[in-house]
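Have a look at the structure below before the remarks.
The values are calculated or read from the model by the stated rules, or taken from the named source; none is laboratory data. Here the structure is a predicted model, which is why all the values come from computation and not from measurement. Here the Cβ positions follow ideal geometry from the backbone for every residue, glycine too, while neighbour counts run over all protein chains shown.
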Amino acid sequence: MKRIQNYAVLVIMLLLLGSCSVETESHFVETPTLKLNAVGPMFEGSNTATASWEFDVNKLLAEEFSSEDFKDARIHEIKISIPENEDFPKINKLVMEMKSKYTSMNRIGLLEKNIKHNTSYNLKVADKQEEVLKALNDEKITFVGDFDLLEEEFYEDISFDLQVVIEVMVKK
């Protein structure tokens with residue numbers, strides 16, 4: 001008799017748990033092409049480039065969704081390219097991070113190659129991502145690219161084109 005009661009309680013708990021879960025569907029949001037800028041002079045070793053993206057979180061997806069429908073978000077893809085007309089030094093490795101008003105700096109991607117002029121790259125997206133949904137709700141995200149300059153010095157500014165694709169999971 002006790003065993004039947006235990007099974008009954010277990011079945012009821014599973015039914016309650018299943019009814020509480022929310023089904024979601026994925027939608028993708030792509031930033032406009034942002035200018036990831038580093039201001040010269042720069043010297044051999046680590047240097048930083050930044051770009052900010054401001055947006056209305058309630059207009060990211062079709063009007064049928066608002067930020068209250070968002071259940072989770074993660075970075076899906078990060079693309080950088082070097083404009084054709086840029087004077088460009090030798091650069092190795094790029095670590096991409098993001099930060100918003102109420103989030104800490106979070107690593108979102110990595111490129112472990114020498115970056116060449118006139119070329120586009122897809123960064124390896126971080127497996128572990130934190131606070132992406134929270135950053136979206138802040139309505140302004142700053143992207144930070146840390147790169148290694150392989151030359152002793154470079155006095156000009158450096159600019160990368162940056163696009164980030166974010167997967168937003170929305171309540172059905």
Point to revise | Single residue of segment 115-147 satisfying the filter (in a strand (DSSP E or B) and either among the acidic types (Asp, Glu) or touching a Gly at 6+ places or on another chain (Cβ under 8 Å) (or both)) that is surrounded by the most Cβ atoms within 10 Å (Cβ to Cβ) | key: VAL125
Exercise for review: Would you tally the residues in segment 148-172 being within 24 Å of SER66 (Cβ to Cβ), surrounded by fewer than 19 Cβ atoms within 10 Å (Cβ to Cβ) and under 15 Å from the mean Cα position of the chain (by Cα)?
Suggested key: 3
Check your understanding: Restricting attention to segment 96-113, does a residue exist that is touching a helix residue (DSSP H, G or I) at 6+ places or on another chain (Cβ under 7 Å) and either at pLDDT below 95 or part of a strand (DSSP E or B) (or both)?
Key -> yes
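Being among the basic types (Lys, Arg), in a strand (DSSP E or B) and within 17 Å of GLU30 (Cα to Cα): is that true of LYS79 here?
Numbers: among the basic types (Lys, Arg): yes; in a strand (DSSP E or B): yes; within 17 Å of GLU30 (Cα to Cα): yes.
Against the criterion (among the basic types (Lys, Arg), in a strand (DSSP E or B) and within 17 Å of GLU30 (Cα to Cα)), LYS79 qualifies.
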Point to revise | Single unsatisfied condition, ARG107 versus (1) over 30 Å from LYS172 (Cβ atoms); (2) surrounded by fewer than 13 Cβ atoms within 10 Å (Cβ to Cβ) | key: (2)
Revision key, fill the gap. Output for Cβ contacts, cut-off 8 Å, separation at least six or different chains, first residue free of Cβ contacts under 8 Å to residues at least 24 places away in the same chain in segment 95-118, second assigned to a loop (DSSP other than H, G, I, E, B) and of a type in the set (A, V, I, L, M), reads ARG107/ALA126; LEU110/LEU123; LEU110/ALA126
Practice item. Considering (1) among the small types (Gly, Ala, Ser); (2) under 21 Å from GLN163 (Cβ atoms); (3) surrounded by 15 or more Cβ atoms within 10 Å (Cβ to Cβ); (4) modelled with pLDDT under 90, say which one ALA51 fails and leave the rest. Key: (4)
Practice item. Could you list all residues from segment 61-85 that are surrounded by 15 or more Cβ atoms within 10 Å (Cβ to Cβ) and at pLDDT below 85? Key: LEU61, PHE65, SER67, ASP69
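Take segment 90-104 and flag every residue that is among the hydrophobic types (A, V, I, L, M, F, W, C) and crowded, with 20+ Cβ neighbours inside 10 Å.
Residues of segment 90-104 that are among the hydrophobic types (A, V, I, L, M, F, W, C), as a first pass: 91, 94-96, 98.
ILE91, LEU94, MET96, MET98 - these are the residues of segment 90-104 that are among the hydrophobic types (A, V, I, L, M, F, W, C) and crowded, with 20+ Cβ neighbours inside 10 Å.
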Study note, to complete from the structure: Counted residues in segment 30-68 being among the charged types (D, E, K, R) and assigned to a loop (DSSP other than H, G, I, E, B) come to 3
Point to revise | In segment 35-80, the residues that are hydrophobic (A, V, I, L, M, F, W, C), over 16 Å from THR142 (Cα atoms) and in contact with a Phe, Trp or Tyr (Cβ under 6 Å, 6 or more places away or on another chain) | key: MET42
